[in-house]
Every structure is written in C-alpha cells, then in structure tokens.
Protein chains: 2
Amino acid sequence: MDIKDNRVIPVLNDQLCFAVYSLSLAISKVYRPLLKQLDLTYPQYLVMLVLWEGDQLSVSEIGEKLFLDSATLTPLLKRLEVSGLLSRERSSRDERQVIICLTTAGKQLRAQAGQVMETMLCAMGCSIEEVQGLRDRLNGLRNHLVMNLD
Amino acid sequence: MDIKDNRVIPVLNDQLCFAVYSLSLAISKVYRPLLKQLDLTYPQYLVMLVLWEGDQLSVSEIGEKLFLDSATLTPLLKRLEVSGLLSRERSSRDERQVIICLTTAGKQLRAQAGQVMETMLCAMGCSIEEVQGLRDRLNGLRNHLVMNLD
DNA sequence: TCAAATAAAATCGCTTGCAATTATATAGTG
DNA sequence: CACTATATAATTGCAAGCGATTTTATTTGA
C-alpha cells in the first residue's frame, strides 16, 4: 500500500466505517440467541439497561441516552409494554411526555441480564485494557460525529 | 470505578458493544445526506464498492465480502437493478447462481464516490494511524465473533 | 390574553437485517 | 440411472432505524 497515494486515506477511512458496520452486525448476531432467552432483541435490551439504571424516564430521555428518536422508540416501547416489562403513561405535569416505568416483571428480568453479559464478554475474548481503550475511542468518534450532525 | 468488582468487566464489555452500535448508527447518519446525492443508501454503497473492485460476482460472493446473506441482498440488488446501476442474470454454467454486473451507469457512478469518501474522512477527523489501528482491531474482533457463530 | 412558536410523541413510508422456509439446480452415491 | 444430499437464491414475516409529517400540549411574547 502506497501511503503517498492520497486516495489511500479516504479508502482507509471507508474501511474503518465498514469495520464498525460489520462488527455491529456480528455483535447483534451473538447477542440474539442469548437475548432470545429473555425474549428481548438487542435494542430492547439496551432500553432495559437504561431503565434498570433508573426508570420514570420520558421517551426522549431514553432517546438521548441511546441516540434514538421517538420514531424508533415508540413502537419498541409498545412491544415491551405488551410483553409486560414496562408501563407507558402520560405525565400529569406535562401531558406531552410519556413516562416509562418498569413493572415488577421488568425489574425482575435484571437478574438474568448478568448471565448474558458474562457470556458476551467471553465471546469477545479481549482484555479489560483493550475493552476500555476501544470503548473510549469509539465513543469519542461517535460524539464527534453526533456533534456535527446539526 | 472499582476494578476489583467482577461485575465491572461484563458491564464494560456491554459498554463496548453499545459504543460500536451507536457509532455505527452515527456513521450511517453522516453518510445518508452524502449518499443521497448518488441516490444510494449505505448498504447499497457498500455493494457498489465491492462491484467497483470487480463485478460478475454471484449474490453469495458479494455476501461473503459484506457478511450479509441473500435475504438482505436480493431485495437490495433488485432496487439497484431498478435504479439502472447493475444487472442480475442467472449463470448459464450454474443456473443456481445469479451473476451481478455493473451497467455503464453503475461504472460511471464510481467517479462521484471519491467526493463522498473525502467528506466522510473529514467528518471523522482522525489520523491515519488511528484509522488503521481501529480498523484492524475491529476487524479482528469481528472475525473472532464470526468464527464462533457456528 | 391569545396567536405564533416550540416541544414531545406518534404516525407513515421506506430500507435494512435476519431466522426460517421454499424452490430450483447441481453433486454425489448406490 | 434414480435418489438423496447439498448449494444457491428467493420468499415470508417480523423488528429496527429514520426522514418527514402530524397531533397535541406547552411556552413565549406582543
């Protein structure tokens, strides 16, 4: 590879974007059978992780944490409501907001999440340092991109 | 954060998975307006990148390069066929295979892809070394996960 | 006060992504 | 040859994702 060729750099960057894309798909493919035992998809699992940290959040508060908007979250939350894991109720203080609360079943599901995380960690098979380093780099990159989206 | 707490490691790994997920979404959000000028989505762009390297590929050959299967590719390729960028024809040597060839319009579109890559590189804003390092690490992780999927 | 601006969620239409299944063609085996 | 096994695409059904728009509620400000 001739680094002096200016075309190399854009192509390299393209390869990085593809690496992120294909890794993301591979990760959900590993999560799928694990989460099937909890009757969750990966995005649903992410919502549950947020709510286990603390519920009574509005749709947009969840969206801020996960970088998703109501067009994605509303149908997803409705499915979790049908599953009996959470409730969706209009705030009486501000009728525009819909407040999400965990049900007892939703809170209890947390106990099974540990096993999923353990298995996933094992599947990834890399050191703490590598995980920390990668996480920070990727979050930095994402924050940089999200910042410039407006 | 207490690194002695064993729960920290699985959670860290979970954070890495989310970092990959959210970065992947952020990347497509940056690509979207750029690729709209070429009337392509990001997965369609990936298929075109593969074909620009060399066409006359079967659906599964494209799938191997992109880690996608026919359930995803067949409808996507049909849309690109309707757009006039490629042709889908059964191989006469093996009637099971569908061979994908670029049309003249499909080949010509390549000229506009350079601009997309340049703009994207600028949006990412990181050094060659960082791009190379990240790409290799993420590909390594993906290959490790894909290998253990059977 | 009250119309215009803003904010939150929902809805619509479209494109992935994929597990599971089906249809068809080829390869292999007796 | 026939007959099973395998390979390749296509199809089906569902769940994301999201741009664009709509609906309803709140805020602003003249």
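The values are calculated or read from the model by the stated rules, or taken from the named source; none is laboratory data. All values reported here derive from a predicted model rather than from experimental measurement. Ideal geometry is used to build each Cβ from the backbone, glycine not excepted, and the neighbour counts take in all protein chains shown. These area figures cover heavy atoms from the full protein model, side chains too; ligands, DNA and RNA do not enter into them. Shrake-Rupley method; radii C 1.70, N 1.55, O 1.52, S 1.80 Å.
At a glance:
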read-out: Qualifying trypsin sites (Lys or Arg not before Pro) in region B:53-150, DSSP loop, other Cβ atoms within 10 Å at most 13; value: B:93, B:96
read-out: Pairwise Lys count, chain B - Cα closer than 30 Å, eight or more residues apart or different chains; value: 9
read-out: Other protein chain Cβ atoms within 10 Å, averaged over every residue that makes up A:108-115; value: 1
read-out: Accessible-area ranking of A:92, A:60, largest first, probe 1.4 Å; value: A:92, A:60
read-out: Sum of -39500 (n - 2.57) over DSSP H runs of 4+, divided by residues of chain A (222 nm, nearest 500); value: -22000 deg cm²/dmol
read-out: Relative contact order [Cα under 8 Å, 6+ residues apart], region A:8-147, whole percent; value: 19 percent
read-out: B/A buried area, accessible surface, summed, 1.4 Å probe, Å²; value: 5700 Å²
read-out: Accessible area in square angstrom per residue, region B:8-147, 1.4 angstrom probe; value: 50 Å²
read-out: Surface share of carbon and sulfur [accessible, 1.4 angstrom probe, percent] for region A:8-147; value: 50 percent
read-out: Rg followed by Dmax, in Å, when region A:60-112 is reduced to its Cα trace; value: 11.7, 34
read-out: Computed Rg/Rh of region A:11-76, alpha carbon atoms with Kirkwood Rh; value: 1.06
read-out: Gyration tensor over alpha-carbon atoms, the protein assembly as shown, equivalent ellipsoid semi-axes in Å; value: 36, 23, 21
read-out: Debye intensity ratio in log₁₀ form over the Cα atoms of region B:8-147, taken at each q of 0.09, 0.17, 0.18 Å⁻¹; value: -0.34, -1.08, -1.17
read-out: Square roots of 5 times each gyration tensor eigenvalue, C-alpha, region A:80-143, largest first, Å; value: 34, 20, 8
